[in-house]
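J.: Could you have a look at this structure, given as structure tokens, before my questions?
The numbers here are math on the coordinates, done by the rules we state, and not lab data. The shown structure was predicted, so the numbers you read here are calculated from the model rather than taken from an experiment. Every residue, glycine among them, receives a Cβ derived from its backbone with ideal geometry; neighbour counts consider all protein chains shown.
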Amino acid sequence: SVNFDDHVRNQQFVNSILREHSRNIINFDEILCSPRKCPLVLNSNFLYSDDDHLSIYGSKVVYPILSKELKRLGS
């Protein structure tokens, strides 16, 4: 797992660049992290297939938020 505060610090640079080029950023921290950590494994399943890409299981975990946000942005 990654400490949540470390995760937020690591994402600050990337998010600042994304904000320069897009008005919409979908944040999955609520579903992928707890207030203390961002685990690599959830319910005995890996969330990531490597250091940057979600596994099939991880994709299914974020799908509800992704679908909801894409519908909202499309309205």
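J.: Diagonalise the Cα gyration tensor of the chain and give the resulting equivalent ellipsoid semi-axes, square root of 5 times each eigenvalue, largest first, whole Å.
T.: 21, 18, 11
J.: Calculate, for E20 and L40, the FRET efficiency according to 1/(1 + (r/R0)^6) with r their C-beta to C-beta distance and R0 30 Å; round to the nearest 0.05.
T.: 0.55
J.: Which residue fluctuates the most in the chain, going by a Gaussian network model with Cα springs under 10 Å, if the choices are L47, L32, L18?
T.: Greatest mean-square fluctuation among the candidates belongs to L18.
J.: Between S22, S55, S34, where does the largest GNM mean-square fluctuation fall for the chain, given springs only between Cα atoms within less than 10 Å?
T.: S22
J.: Between N27 and H53, what is the spin-label point distance in nm, taking each point 7 Å from the Cα along the Cα→C-beta axis?
T.: 2.7
J.: If you don't mind, another one. Return the long-range amide H neighbours of Y48 (sequence gap of 5 or more, or a different chain), with a cut-off of under 5 Å between placed amide H atoms.
T.: S55
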